[in-house]
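I have placed the structure first, in the form of structure tokens, so that the comments after it can refer back to it.
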Amino acid sequence: MRKQTEDYLQNQAWIWFLKSYNDKGMFVSIPNDERDPVASKRKRLTGRMKGAADVVLILDNGRVVWVEFKLPTGRQSDAQLLFERRVQSLGHQYHVVRSLEQFQNLIKSIL
């Protein structure tokens with residue numbers, strides 16, 4: 001069995017979303033893990049935000065949902081918690097997802 005990682009969970013969610021709901025919206029990844037200092041600074045200077053969710057779902061009827069993927073024992077950083085509060089204060093949904101099944105249930109409940 002493959003070792004579970006947050007990237008693998010996100011990959012499985014993306015594949016499922018494309019197969020099941022691609023006609024209802026877009027699943028957009030926000031890569032925030034740049035290790036190269038020069039590239040990291042360039043991204044910071046062009047709008048990368050520390051703590052941004054892993055994915056933004058842009059759904060039909062103007063709905064926007066932010067999703068942070070975590071393993072069952074993972075916890076959000078302070079920057080992620082701040083981002084969550086800011087996004088919610090702007091009227092958006094924000095969800096921490098810990099399994100493919102949880103993601104599937106979330107999407108089914110929204111759509």
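Return the pairs, sorted by first residue and then second, in which the second residue is part of a helix (DSSP H, G or I) and buried (at least 20 other Cβ atoms within 10 Å of the Cβ), the first residue lies in region 49-76 and is hydrophobic (A, V, I, L, M, F, W, C), the beta carbons are less than 6 Å apart, and the residues are 6+ apart or on different chains.
Here the result reads ALA52/PHE83; PHE69/LEU9; PHE69/GLN10, each pair linking region 49-76 to a residue that is part of a helix (DSSP H, G or I) and buried (at least 20 other Cβ atoms within 10 Å of the Cβ).
Pairs, please: C-beta under 7 Å, at least 6 apart or cross-chain, first residue under 10 Å from LEU111 (Cβ atoms) and in region 9-28, second modelled with pLDDT under 95 and part of a helix (DSSP H, G or I)?
LYS24/ASP60; GLY25/ASP60
Would you be able to tell me the number of residues in region 89-109 that are out of contact with any Leu (no Cβ under 7 Å at 6 or more places or on another chain), surrounded by 13 or more Cβ atoms within 10 Å (Cβ to Cβ) and part of a helix (DSSP H, G or I)?
Number satisfying all stated conditions: 5.
Does region 77-88 hold any residues that are loosely packed, with under 15 Cβ neighbours inside 10 Å and either touching a residue at least 40 places away in the same chain (Cβ under 8 Å) or part of a helix (DSSP H, G or I) (or both), and which are they?
Step one: of region 77-88, the residues loosely packed, with under 15 Cβ neighbours inside 10 Å are 77-79, 81-82, 85-86, 88.
Of everything in region 77-88, those that are loosely packed, with under 15 Cβ neighbours inside 10 Å and either touching a residue at least 40 places away in the same chain (Cβ under 8 Å) or part of a helix (DSSP H, G or I) (or both) turn out to be ASP78, ALA79, LEU81, LEU82, ARG85, ARG86, GLN88.
The values are calculated or read from the model by the stated rules, or taken from the named source; none is laboratory data. Everything numeric here is computed off the predicted structure, so don't read it as measured data. Every residue, glycine among them, receives a Cβ derived from its backbone with ideal geometry; neighbour counts consider all protein chains shown.
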